[in-house]
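The values are calculated or read from the model by the stated rules, or taken from the named source; none is laboratory data. This structure is a prediction, so every number in the text was calculated from the model and none was measured. Here Cβ is always computed from backbone atoms with ideal geometry, including for glycine, and neighbour counts include all displayed protein chains. Side chains are part of the model used for accessible areas, which takes the heavy atoms of the whole protein and leaves out ligands, DNA and RNA. Shrake-Rupley method; radii C 1.70, N 1.55, O 1.52, S 1.80 Å.
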Amino acid sequence: MKSQAYIAQTMLEARPRPADARGDLITLSRAIGLVFLISWILFFVGIVWFLYTSYDADYVSRYAPKYIKGFWTTLELVISSLLLGGILSLPLAYGRMAKNKLLNKISFGYIYFFRGTPLLAQLFLLYYGFGQFRHFWQDINMWWLFRDSWSIALLSFTLNTAAYQAEILRGAVMNVPRGQIEGAMSLGLPRLVTFFKITLPQALIVALRPYGNEIILMVKGSAVVSIISVYDLMGETRRAFSQTYDFQAYIYAAIFYLLFVEIMRRLWDILEHRLTRHLRRDGS
């Protein structure tokens, strides 16, 4: 009697080659893709070669501390706005899921506006628009918020990311199985306890990847605050370029952004891997 291994090997040899694998090894689409890949490789190699051949120690020693200072400003702005926006997103997400029509409409209008309009337009609206009502803000002791570029940038980013985080949280909460909530109701747990102890922890695991994407988008979007004289990383880059007219200033800024985004992506992958290890069969 023939062994099972022999029968399996015979079946594999007799199996016809897939139709999509019988074609030419080099097709038009593959050739175009290969050309684009080689072009990108040459482009990055050219940038590295340009930075190597045009390296200026005086330029680096003069502007490197300013780049680092601007980077920390960017980091402070992004982290602060994300934390404040996360707090604001909780009532917004609750309002979007509420059965009360008034709360639902208010939350929907807020999210619709801040997700449907450009961040730059929102920043200008706060910086130039609200600043025209100086006497009104002074009368209610709120002028301190609208007279400073940093405060305006923080407020604009907080309001913007709160809308996105609210939708992320709402989608994650709706993804939690209904049986989990029904089980909590059968035990007589209050709604707030059910939300914070059962629903929210599971929803945050689902929302990990969208939250990571939001962080990366906020880091890249933070470059717009340089327009209103906030000297973040891009603001320091623009100032360095205005003093030297050397376009490699923007290359260094791009390198800073790339490094930061890559570090955040790696850290978020590690965090997601650790928090979701109970969902994998191997438990690794």
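Within the range 91-121, which residues are part of a loop (DSSP other than H, G, I, E, B), open to solvent by 60 Å² or more (accessible area, probe 1.4 Å) and under 24 Å from residue 152 (Cα atoms)?
118
So residue 238 clears everything in (1) open to solvent by less than 70 Å² (accessible area, probe 1.4 Å); (2) at pLDDT 85 or above; (3) touching a helix residue (DSSP H, G or I) at 6+ places or on another chain (Cβ under 7 Å) except one condition, right? Which one?
Exception for residue 238: condition (1).
If I ask for residues that are touching a Ser or Thr at 6+ places or on another chain (Cβ under 9 Å) and closer than 29 Å to residue 94 by Cα, which ones from the range 140-158 would you list?
145, 153, 154, 155, 156, 157, 158
Going through the range 192-210 one residue at a time, which ones are part of a helix (DSSP H, G or I) and open to solvent by less than 30 Å² (accessible area, probe 1.4 Å)?
If the condition is that a residue be part of a helix (DSSP H, G or I) and open to solvent by less than 30 Å² (accessible area, probe 1.4 Å), then 194, 199, 200, 203, 208 are the ones that fit.
Quick one: what pairs do we get from the range 229-245, first residue under 21 Å from residue 124 (Cβ atoms), second surrounded by fewer than 16 Cβ atoms within 10 Å (Cβ to Cβ) and among the basic types (Lys, Arg), C-beta under 6 Å, 6+ apart or different chains?
none
Within the range 211-229, is even one residue part of a helix (DSSP H, G or I), among the polar types (S, T, N, Q) and crowded, with 16+ Cβ neighbours inside 10 Å? First the steps, then the outcome.
Kept after step one, since they are part of a helix (DSSP H, G or I), are these residues of the range 211-229: 211-228.
Then keep just the ones that are among the polar types (S, T, N, Q); that gives 213, 222, 226.
This time we only want the ones that are crowded, with 16+ Cβ neighbours inside 10 Å, so: 222, 226.
For the range 211-229, residues part of a helix (DSSP H, G or I), among the polar types (S, T, N, Q) and crowded, with 16+ Cβ neighbours inside 10 Å: present.
Just give me the residues in the range 123-174 being of a type in the set (S, T, N, Q) and over 19 Å from residue 231 (Cα atoms), in sequence order.
132, 138, 141, 160, 161, 165
Pull up the range 26-72, narrow it to residues that are among the charged types (D, E, K, R) and open to solvent by 100 Å² or more (accessible area, probe 1.4 Å), then point me to the one that is modelled with the highest pLDDT. I'd like the intermediate steps shown before the answer.
Let us first name the residues in the range 26-72 that are among the charged types (D, E, K, R), namely 30, 56, 58, 62, 66, 69.
Add one more test, that the residue is open to solvent by 100 Å² or more (accessible area, probe 1.4 Å), and what stays is 30, 58, 62, 69.
On the way: 30: 82, 58: 81, 62: 85, 69: 90.
By that ranking, first place goes to 69.
Which of the residues that make up the range 24-60 are closer than 28 Å to residue 236 by Cα and among the charged types (D, E, K, R)?
56, 58
Of all residues in the range 73-86, which are touching a residue at least 40 places away in the same chain (Cβ under 8 Å) and open to solvent by 60 Å² or more (accessible area, probe 1.4 Å)?
Residue satisfying the conditions is 84 alone.
What about residue 126, is it without any contact (Cβ under 8 Å) to a residue 60 or more places away in the chain, buried (at least 17 other Cβ atoms within 10 Å of the Cβ) and in contact with a Ser or Thr (Cβ under 7 Å, 6 or more places away or on another chain)? Talk me through it step by step, then tell me what you get.
Numbers: without any contact (Cβ under 8 Å) to a residue 60 or more places away in the chain: yes; buried (at least 17 other Cβ atoms within 10 Å of the Cβ): yes; in contact with a Ser or Thr (Cβ under 7 Å, 6 or more places away or on another chain): yes.
Against the criterion (without any contact (Cβ under 8 Å) to a residue 60 or more places away in the chain, buried (at least 17 other Cβ atoms within 10 Å of the Cβ) and in contact with a Ser or Thr (Cβ under 7 Å, 6 or more places away or on another chain)), residue 126 qualifies.
Among the residues of the range 139-191, write down those that are buried (at least 19 other Cβ atoms within 10 Å of the Cβ), farther than 25 Å from residue 121 by Cα and β-branched (Val, Ile, Thr).
173
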